[in-house]
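*Asks:* Have a look at the structure that comes next, please.
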Amino acid sequence: MQQLTHYLNGAHVNGTSGRFADVMNPATGEVQAQVPLASTAEVDKAVELAAAAQPAWAATNPQRRARVLMKFVDLLNRDMDKLAEALSREHGKTLPDAKGDVQRGLEVVEYCIGAPHLLKGEFTDSAGPGIDMYSMRQALGVTAGITPFNFPAMIPMWMFAPAIACGNAFILKPSERDPSVPLMLNELMEEAGLPPGILQVVNGDKEAVDALLHHPVVQSIGFVGSTPIAEYIYSTGCANGKRVQCFGGAKNHMIIMPDADMDQAADALVGAGYGAAGERCMAISVAVPVGDETADRLIEKLVPRIEKLKVGPYTAGNDVDYGPIVTAAAKANIERLVQTGIDQGAELVVDGRNFKLQGYEDGFFVGPHLFDRATPDMDIYQQEIFGPVLTTVRAQTYEEAIGLAMDHEYGNGTAIFTRDGDTARDFANRINIGMVGINVPIPVPLAYHTFGGWKKSVFGDLNQHGPDAFKFYTRTKTVTARWPSGIKEGGEFSIPVME
Ligand code: NAD
């Protein structure tokens, strides 16, 4: 059995807490590795090492720091296949999807190579007699991030690339379900020239997270995961005086107007609803066709497409549209919610229950499900299912459709499919959701824009990547300077104002 490690100060380090978690192969249901779960003492050690290494890194000029990221991009491309394979083996997603996971992280690393420009301060010459005023962005010190299982390459990179580009040390606590890729990323960063201690991986569970949340030296916490944990981490981190940004769960609606291209809408829904087995925070889980006639046309187009979906292990290559669910517990939760949908009266149009794959009977596979005529009071509508289950809620008007999305507690992403510019524009302006697609089902912004939801999908005020990341990982200092030639004789006793 493979024994995974932590990664501290430039080396793999065995866990010493005596606690371990099983890392599963979701396609076979077998335990394939064990990951150590760090104790508070192990987290304290990582913080101590990070604090010792960080000042020299912050003093390294930003262009040299950026060069490490440049080299890291080359290494990611060199090892793309290896990373994708390790990712698929623990997560279960298909190889092309795993490569996309690495690629969308890599794009943020590329953005962070612009650190020398992005970190430039502001300067006002002659703000007063002989006075210059300037601001600079300085690193926070030791920063930390806690990441979910569903993007084990992309989300760690979204956090550590800007943190490190800004001159911080970063401690990553990845998901205990798929910890291999984060460890590999740490190795590659050091091969790219990052000094030991600047990026470290501490594997673990709540104990490690709590140790980071309470450690006085840790200046900021980034979190991505489910909403209840996001809320906990935000309130605990803030109470301990840290800068915190937390991104939580989702229930993304796609509105289909009567004038939409129905083939395009159906294709988009199948990809966005069932890709990665629905285990994406930007998956579409609710379809809202406007008018019964639109709904009937949509369902007619959807059903054959969904029934054709190929579910299997990543090793089957291009023959697979999506893989297994990450754990047996997550699979059981999806099955429980599907049952509530049936019990509460939604119409199960495509029934993925009892899906079995020959040779993989113990894998955590779930067949695709499609519900029609669900209503907003049902659990399948209110809760995040995080599985291959698309729920249709029929609306009679555009106002009713937009109202559904607006009233839902989550606000991560949403989409509208229409040919009408007025409707699309009105939707983009009025909707209270952070990321909006117009005829685009998964509107994940590119690296140089920012990523973040609204409502219960986010806690904190700065988004991930783009310019917000450089704000989150730095603090501003403003200097007012006057040299002797500009100083008047005699003291000043009232508040200085510029005349
Ligand atoms: P999760 O909340 O179970 O775990 C996320 C992280 O928190 C992991 O590192 C885990 O070890 C840690 N954790 C779990 N329980 C904890 C506890 N009690 N105390 C402290 N730490 C704890 O989430 P997950 O199942 O790994 O990921 C799926 C969730 O993440 C979904 O809800 C999905 O929508 C969300 N997600 C959101 C975004 C976004 O940007 N909004 C992106 C990806 C995933």
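*Asks:* Quick check on my filter: what residues within the stretch 168-221 are of a type in the set (Lys, Arg) and buried (at least 23 other Cβ atoms within 10 Å of the Cβ)? Can you show your working first?
*Replies:* Filtering the stretch 168-221 down to residues of a type in the set (Lys, Arg) leaves 173, 177, 206.
Scanning the stretch 168-221 gives a single hit, LYS173.
*Asks:* Is at least one residue of the stretch 249-256 touching a helix residue (DSSP H, G or I) at 6+ places or on another chain (Cβ under 7 Å), within 12 Å of the ligand (Cβ to nearest atom) and either open to solvent by 30 Å² or more (accessible area, probe 1.4 Å) or touching a residue at least 40 places away in the same chain (Cβ under 8 Å) (or both)? Even if it seems obvious, please write down each step before you answer.
*Replies:* Pass one, the stretch 249-256, residues touching a helix residue (DSSP H, G or I) at 6+ places or on another chain (Cβ under 7 Å): 249, 253-256.
Those still in the list that are within 12 Å of the ligand (Cβ to nearest atom) too: 249.
Among the residues that remain, those that are also either open to solvent by 30 Å² or more (accessible area, probe 1.4 Å) or touching a residue at least 40 places away in the same chain (Cβ under 8 Å) (or both) are: 249.
The answer is yes, given that some residue of the stretch 249-256 is touching a helix residue (DSSP H, G or I) at 6+ places or on another chain (Cβ under 7 Å), within 12 Å of the ligand (Cβ to nearest atom) and either open to solvent by 30 Å² or more (accessible area, probe 1.4 Å) or touching a residue at least 40 places away in the same chain (Cβ under 8 Å) (or both).
*Asks:* Continuing with the same structure: Determine, yes or no, whether THR147 is among the polar types (S, T, N, Q), over 23 Å from TRP57 (Cα atoms), at pLDDT 95 or above and within 16 Å of the ligand (Cβ to nearest atom).
*Replies:* Values: among the polar types (S, T, N, Q): yes; over 23 Å from TRP57 (Cα atoms): yes; at pLDDT 95 or above: yes; within 16 Å of the ligand (Cβ to nearest atom): yes.
Spelling it out, THR147 is indeed among the polar types (S, T, N, Q), over 23 Å from TRP57 (Cα atoms), at pLDDT 95 or above and within 16 Å of the ligand (Cβ to nearest atom).
*Asks:* Separate question: Run down ASP210, ASP259, ASP267 and say which single residue is near the ligand (Cβ under 10 Å from one of its atoms) and either in contact (Cβ under 8 Å) with a residue 40 or more places away in the chain or of a type outside the set (Phe, Trp, Tyr) (or both). Spell out the reasoning first.
*Replies:* Working: ASP259 fails: near the ligand (Cβ under 10 Å from one of its atoms); ASP267 fails: near the ligand (Cβ under 10 Å from one of its atoms).
Just one listed residue meets the conditions, ASP210.
*Asks:* I would also like to ask the following. Looking only at the stretch 287-308, decide whether some residue is out of contact with any helix residue (DSSP H, G or I) (no Cβ under 6 Å at 6 or more places or on another chain), open to solvent by 10 Å² or more (accessible area, probe 1.4 Å), touching a residue at least 12 places away in the same chain (Cβ under 8 Å) and within 16 Å of the ligand (Cβ to nearest atom).
*Replies:* No: zero hits.
*Asks:* What are the pairs, 6+ residues apart or on separate chains, where a residue within the stretch 355-381 that is on the phi > 0 side of the Ramachandran plot has its Cβ under 6 Å from a residue that is surrounded by fewer than 18 Cβ atoms within 10 Å (Cβ to Cβ) and in a strand (DSSP E or B)?
*Replies:* ARG373/GLU347
*Asks:* Right, next: Has the stretch 389-407 got any residue that is in contact with a Lys or Arg (Cβ under 6 Å, 6 or more places away or on another chain), within 20 Å of SER457 (Cα to Cα) and not charged (D, E, K, R)?
*Replies:* No, the stretch 389-407 contains no residue that is in contact with a Lys or Arg (Cβ under 6 Å, 6 or more places away or on another chain), within 20 Å of SER457 (Cα to Cα) and not charged (D, E, K, R).
*Asks:* Does the stretch 164-181 contain any residue that is outside any loop (DSSP other than H, G, I, E, B), in contact (Cβ under 8 Å) with a residue 24 or more places away in the chain, acidic (Asp, Glu) and assigned by TED's automatic domain parsing to the domain that holds VAL47? First the steps, then the outcome.
*Replies:* Step one: list which residues in the stretch 164-181 are outside any loop (DSSP other than H, G, I, E, B), which gives 164-165, 169-173, 180-181.
Subset that is in contact (Cβ under 8 Å) with a residue 24 or more places away in the chain: 164-165, 169-173, 180-181.
Filter once more, keeping what is acidic (Asp, Glu): none.
The answer is no, given that none of the residues of the stretch 164-181 is outside any loop (DSSP other than H, G, I, E, B), in contact (Cβ under 8 Å) with a residue 24 or more places away in the chain, acidic (Asp, Glu) and assigned by TED's automatic domain parsing to the domain that holds VAL47.
*Asks:* If you don't mind, another one. Regarding ASP259, is this residue within 26 Å of GLY312 (Cβ to Cβ), open to solvent by 10 Å² or more (accessible area, probe 1.4 Å) and not basic (Lys, Arg)?
*Replies:* no
*Asks:* Go through the residues of the stretch 187-203 one by one and say whether even a single one is within 16 Å of the ligand (Cβ to nearest atom), out of contact with any strand residue (DSSP E or B) (no Cβ under 8 Å at 6 or more places or on another chain) and assigned by TED's automatic domain parsing to the domain that holds ASN463.
*Replies:* Residues of the stretch 187-203 within 16 Å of the ligand (Cβ to nearest atom): 200-203.
Still in the list and also out of contact with any strand residue (DSSP E or B) (no Cβ under 8 Å at 6 or more places or on another chain): none.
No, there is no match, as no residue in the stretch 187-203 is within 16 Å of the ligand (Cβ to nearest atom), out of contact with any strand residue (DSSP E or B) (no Cβ under 8 Å at 6 or more places or on another chain) and assigned by TED's automatic domain parsing to the domain that holds ASN463.
*Asks:* Moving to a separate point now. Which residue is modelled with the lowest pLDDT, if the candidates are limited to the stretch 337-356 and must be part of a loop (DSSP other than H, G, I, E, B) and in contact with a Phe, Trp or Tyr (Cβ under 7 Å, 6 or more places away or on another chain)? Break it down stepwise before answering.
*Replies:* From the stretch 337-356, those part of a loop (DSSP other than H, G, I, E, B) are 344-346, 351-356; that's our starting set.
Then drop every residue that is not in contact with a Phe, Trp or Tyr (Cβ under 7 Å, 6 or more places away or on another chain), which leaves 346, 355.
Working: ALA346: 98, PHE355: 95.
If we take residues in the stretch 337-356 being part of a loop (DSSP other than H, G, I, E, B) and in contact with a Phe, Trp or Tyr (Cβ under 7 Å, 6 or more places away or on another chain), then PHE355 is modelled with the lowest pLDDT.
*Asks:* Condition test on VAL244, is it in the same structural domain as GLY411 (by TED's automatic domain parsing) and open to solvent by less than 60 Å² (accessible area, probe 1.4 Å)?
*Replies:* No, not satisfied.
*Asks:* All but one of (1) in contact with an Asp or Glu (Cβ under 7 Å, 6 or more places away or on another chain); (2) among the hydrophobic types (A, V, I, L, M, F, W, C); (3) surrounded by fewer than 16 Cβ atoms within 10 Å (Cβ to Cβ) hold for ALA328, so report the exception by its number.
*Replies:* It is condition (1) that ALA328 fails.
The values are calculated or read from the model by the stated rules, or taken from the named source; none is laboratory data. In this text, all values refer to a predicted model and were calculated from it rather than measured experimentally. Every residue, glycine among them, receives a Cβ derived from its backbone with ideal geometry; neighbour counts consider all protein chains shown. All accessible areas refer to the heavy atoms of the entire protein, side chains included, with ligands and DNA or RNA removed. Shrake-Rupley method; radii C 1.70, N 1.55, O 1.52, S 1.80 Å.
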